[in-house]
């Protein structure tokens, strides 16, 4: 087979891989081992059915501290006609009689019930009340007891020979107790598949290593090892291998002797230095090079030779999201198969898209989503599509798969979301859409302590108001300046939300100004400098409050946007603007001092503005947002906000206006 990249449909790729596994005798469990029944057995997979070897309990046991009696001897006992029963000790046996038992003691032969100690009166030999409640001469009872009351009969929990667990069960901690009670001291479990994870690339350094332009921290192997271990495998992380064909081939060949599966995390496209396919072809066979999925299409599926067998190998794309999803698609089903388990069906939920999604028609497109419930509708908000954006997975609540031949969906379309979180978390999610502000991250941190999760989408102030209008947000952050009145938010809220009852709450007063390179080498002093030919500006997106603020002051100064180099270069957050300046893509941009400090930039203060929260009344009066308003009154939260440069909190949590 050619080693050159050629995408094939996902289903065909899966069939090709598993046909090769079948041919190599690797289609089922890899083997089994006997292990002691101890805490290490949790999360192992049973290799055979477990039939109870003993009953539990294996004798009739007292369920209470009390007195063993014959139920027939208690007939007729009542409050007005009590019955006295002699308490026996030692081996003496006569009836009627009682014997004292602690919880768990065996029920003596001839007795069929236990009376709890608190239900008897202790008498001494003279028939007087006795303080010796555990060793009286006689007990007096004032109620009859039915047979087997307060007794755990033999086999109450488990009866010898019954099925305790079938083969293929993933053992939970409580399951270990059931197996012990059923008489097992060791158990047969599926052997953990050994998975070698080999990161490659001359540009990579280990976590904590020194970074410089072109040098990347290697963390894919950490993520993949965590996935492998959580799916029942045993991850074996190898050191980083530089881009050298011979060295890489030697490491892969060595790994094949000791591993059941190899994950080769290297460049897997058709570039000159993408060695994965060539190494696999040299040591074995390339079965598939390119699968029609996004992200992750350059994946390689193949086998390499070891001394005694064929070892499957997967060339995993280097981008983090592609690597993670490749493991989800191919590695998890394989590990489940090798440990005798069925691949579990994903928990799914129906949701409505908040914006249009474009998908390539020839690929199965895996799109990450933030999911929340706004009113009675579950919404799915698409996250960043970049294959290198690992935070799009950490922030994702679920994934929507757009199959081959489907070129996306429109805003408002209903889609099926494969959940990555427990659905109970969705019910506790606050959707905050609108303008970016760094205090929202602090707000999210404090809300976590109050059993709420804040999901914020940076669409700009105008985008936030429109999301509220469409009933797609619980809260919108906004700082829209009205050029005519010089006020914030009031005019825009009246214009766009007149049909929706909303309340405007103060949140922060903040400074806006120009972020510039450290040391301000271009000697920028204000907006008039933006027209200089040696200066490149980076802007916020259309509809952002910061963009509106800039345009307002440019108009006052008589500056035309066309005269500013970089005016159309857009970022969606203050941190995005700061990153563009710190990386040299631009010399300056309008933003907040907290973002400048975060990336070690200089800051030129220009304006003050009000950043406010727009909240539909129906949500403000519900339970979901209660903790948000509590946090705004929290002294620790307020102090944390004041710890960031350029913020004031004089109006935080105060009702500013009501509209609709």
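With Cα atoms defining each centre, segment 132-148 and segment 424-496 are spaced 69 Å apart in the structure. Once the C-beta distance of residue 203 and residue 485 is scaled by a Förster radius of 56 Å, the resulting FRET efficiency is 0.55 to the nearest 0.05. Cα-based values for segment 349-427, radius of gyration first and Dmax second, are 12.0, 36 Å. Distance from the Cα centroid of segment 324-369 to that of segment 502-524 is 41 Å (rounded to whole angstrom). Within the chain, the proportion of Cα pairs with more than 47 Å between them is 42 percent. Legend: ranking of residues 373, 6 from fewest to most surrounding C-beta atoms inside 10 Å; resulting order 6, 373.
Ranking of 187, 300 by neighbouring Cβ atoms within 10 Å, starting from the fewest: 187, 300. Each label was represented as a point 7 Å from its Cα along the Cα-to-Cβ direction; for residue 222 and residue 411 these points are 3.8 nm apart.
For segment 61-152, the alpha-carbon radius of gyration amounts to 0.96 times the rule-of-thumb value 2.2 N^0.38 Å expected for a compact globular protein.
Approximating the spin labels as points 7 Å out from Cα along Cα→Cβ, the residue 630-to-residue 140 distance works out to 5.4 nm. Annotation: peptides 466-479, 590-603, 333-346, 128-141, ranked by per-residue average of other Cβ atoms within 10 Å with the highest first, follow the order 466-479, 590-603, 333-346, 128-141. Counting beta carbons within 10 Å around each of 224, 652, 15 and listing the fewest first gives the order 15, 652, 224. Spin-label pair residue 244-residue 308: with each label point 7 Å from Cα along the Cα-Cβ axis, the two points sit 3.2 nm from one another. Computed on the chain, with alpha-carbon pairs under 8 angstrom and 6+ residues apart, the relative contact order is 11 percent. As a length-normalised measure over Cα pairs under 8 Å and 6 or more apart, the relative contact order of segment 453-659 settles at 35 percent.
Computed over the alpha-carbon atoms, segment 376-527 gives an Rg to Rh ratio of 1.02, Rh here being the Kirkwood radius from the mean inverse distance. Where both bridge residues fall in segment 453-659, DSSP classifies roughly 90% of the beta bridges as antiparallel. Helix 10-23 axis versus longest C-alpha principal axis of the chain: approximately 50°, rounded to the nearest ten. Based on Cα contacts under 8 Å between residues 6+ apart, segment 97-184 shows a relative contact order of 24 percent. Which whole-angstrom value gives the distance between the alpha carbon centres of segment 586-660 and segment 559-585? About 23 Å separates the Cα centre of segment 586-660 from the one of segment 559-585.
Cα-based radius of gyration for segment 506-660, normalised by 2.2 N^0.38 Å, reads 1.17.
Taking the DSSP bridge list for segment 318-475 and keeping only pairs wholly inside it, about 70 percent are antiparallel.
Within the chain, DSSP assigns beta bridges of which about 70% are antiparallel (rounded to the nearest 5).
The numbers here are math on the coordinates, done by the rules we state, and not lab data. None of these values were measured; they are calculated from a predicted model. No Cβ is skipped: glycine too gets one built from the backbone with ideal geometry, and neighbour counts run over all protein chains shown.
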